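The values are calculated or read from the model by the stated rules, or taken from the named source; none is laboratory data. Quick caveat: nothing in here was measured; it's all calculated off a predicted structure. Here the Cβ positions follow ideal geometry from the backbone for every residue, glycine too, while neighbour counts run over all protein chains shown. Note: accessible area is taken over every heavy atom of the protein model, side chains too, but ligands, DNA and RNA are not part of it. Shrake-Rupley method; radii C 1.70, N 1.55, O 1.52, S 1.80 Å.
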Amino acid sequence: MAQNHPSVSASSLPGKAETQHTEFSRTLTIQELPDAAKAEGGILLNAECLDGQSSLRLASDGHTILLPQPTDDPNDPLNWSWTTKHLILFTAVWGALSADWTSATGPAVIFPQATQWGISANVANHPNSINILFGGIGGLIWVPVSSFWGRAPVLFWTSVIGLGMSIGAALAPTYEVYYAMRVLTALFLTSGQTMSIAVLKDIFFFHERARKIGLWAVLYITSPYLGPCLANFMIYETGSWPDVFWLCAGVVALQIILVVCFIDETWYNRSKHASEQPARPAGLTGRLMRLVGIWQIQHHKDYFPRTWITIKRFALIIFKPAFFLICLSYLLVFAWAIGINISTTILFAEPTAIGGYGYTNKGLGFLYFTPIVGIILGEIFGHFFNDAIANRYIQRHKGVFEPEVRLWMIYISIVVMIPALILVGEGLRWSLNVAAIIFGWGMFSFGIMTMSVAVTAYALDTYPHAPAELGGWLTFARTFGGFGIGYFQSPWAAAVGADGSFGTQAAIVAVATIPVVILHRYGHCLRLKYGEV
């Protein structure tokens, strides 16, 4: 069901109430970013600050300019109903959740696997590190494909293949087979991680995105802890590690059900006239044609971007200084979130006789509630604070928004994460009460959550025409920074002490502030100088 949006003539402001109407102008195309909403290095979001005549469509509050401007087409994803949009958002987010759920579950089963296959726990943990790396590599593959083929078919087919790989991991008779299945699972399921931001951008207006990114992030960033949390409880009760991967297969199977029930193609070419938009047949059959990719193939030549263009755009965007700097900062921070997660089983399961905490799988399961609570608190805080600082900036700058306002949240996040890592290190080094580590880990998770939303929002605000490409590189930054931590986290702590290793991590997080400061000072100029993608 399409939504109607009021439009306004700027010359009648501030007496705009009597001039709003719900009739769409009958033009063939509607400019995605109207000239009246353009500002040097930013965009105008408040219609009350417009000068002269301008008829723009507004949000229900009567003054927020809708960007992109919606078309008259009921098939325009921006015109879809609130329910349809949020069911699609939830499905895309569940795809991202499935990828990290299955990826982070592995460390919970390394001890029973080590016993079964006669290997050390450290060697049993190696597939989990490689799994993370291939999650990043997979994003580099699926992003161009989703741009030239469409979001829906890529999400559907990678989920189907990912389910097969998840079942293969549960049935693996040897370490080598298990290793291969873990790699392939990450390679295919990562499509949900990279494309969810593109889907979000396709269906929501600019002023809605920060909160929707928060909803995306709270499930996405919670999933690496939900997986091992439940896995540890299962290992404690059954002692069977394949049961854990049958649960992972169930999570992916639910993803396929959601995709089949709710997903439609969200890509909409706004450069085409209304008369040039290909028909999107209604009904189940029409949607299934778009879901499996037949409709996209039929209309690829004249509607979707060419393959070479999508690959070139994906390669070029990382060389945009503003985006490269925010990715660098994110890489330097997120690495330690992955490091703590994949090393928790080893760090806390060590016997008390050698300085560990001697946790059972049940105790480890409860321990994982720590980051989950921290992430939820981060979403509650960021849900309101991100909009508050953006609205304050807009009010003080005559209705103009610039992406650099998002960076304030990153400072807050880093200030929280530095002492968090130090607290975790000191707790492990001196075998302090586990409450110290819980508090430190919770603080770090809070910071990761708030920073993730700010980083993603800044990237999407800066380069809104390349959402899938942004998602791919941000996923790569997350995974590339953290995949190797599982190899050296425990030996590093053993060599210099947990206080030394986590203290160094805290220092690296502090260094991650430098790219953010550069962006805050020069981001406006960098965006103008190097242009759009």
*Positions within segment 378-405 being basic (K, R) and without any contact (Cβ under 8 Å) to a residue 24 or more places away in the chain, in sequence order*: R392, R396
*asked:* Restricting to segment 391-418, count the residues that are at pLDDT 95 or above and open to solvent by 40 Å² or more (accessible area, probe 1.4 Å).
replied: 5
*In the list G168, G164, G118, G150, which residue meets the criterion of being surrounded by fewer than 20 Cβ atoms within 10 Å (Cβ to Cβ) and on the phi > 0 side of the Ramachandran plot?*
G118
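Among the residues of segment 212-265, write down those that are assigned to a loop (DSSP other than H, G, I, E, B) and polar (S, T, N, Q). Lay out the reasoning, then the answer.
Within segment 212-265, the subset assigned to a loop (DSSP other than H, G, I, E, B) is 239-240, 263-265.
Across segment 212-265, the qualifying residue is only S240.
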_Would you confirm whether or not segment 419-442 contains a residue that is at pLDDT 90 or above, farther than 19 Å from W336 by Cβ, open to solvent by 50 Å² or more (accessible area, probe 1.4 Å) and assigned to a helix (DSSP H, G or I)?_
yes
*Number of positions in segment 50-81 that are crowded, with 16+ Cβ neighbours inside 10 Å and either at pLDDT below 80 or in a strand (DSSP E or B) (or both)*: 7
*Subset of segment 272-308 (residues that are open to solvent by 90 Å² or more (accessible area, probe 1.4 Å) and among the hydrophobic types (A, V, I, L, M, F, W, C))*: A282, L284, I297, W308
*Here are some residues: G339, G365. Which one is modelled with pLDDT of 90 or more, assigned to a helix (DSSP H, G or I) and crowded, with 19+ Cβ neighbours inside 10 Å?*
G365
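Can you tell me which of A180, A104 is open to solvent by less than 40 Å² (accessible area, probe 1.4 Å) and hydrophobic (A, V, I, L, M, F, W, C)? Reasoning before the result, please.
On the way: A180 fails: open to solvent by less than 40 Å² (accessible area, probe 1.4 Å).
Going through A180, A104 in turn, just one is open to solvent by less than 40 Å² (accessible area, probe 1.4 Å) and hydrophobic (A, V, I, L, M, F, W, C): A104.
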*Got at least one residue in segment 15-36 being at pLDDT 80 or above and surrounded by fewer than 16 Cβ atoms within 10 Å (Cβ to Cβ)?*
no
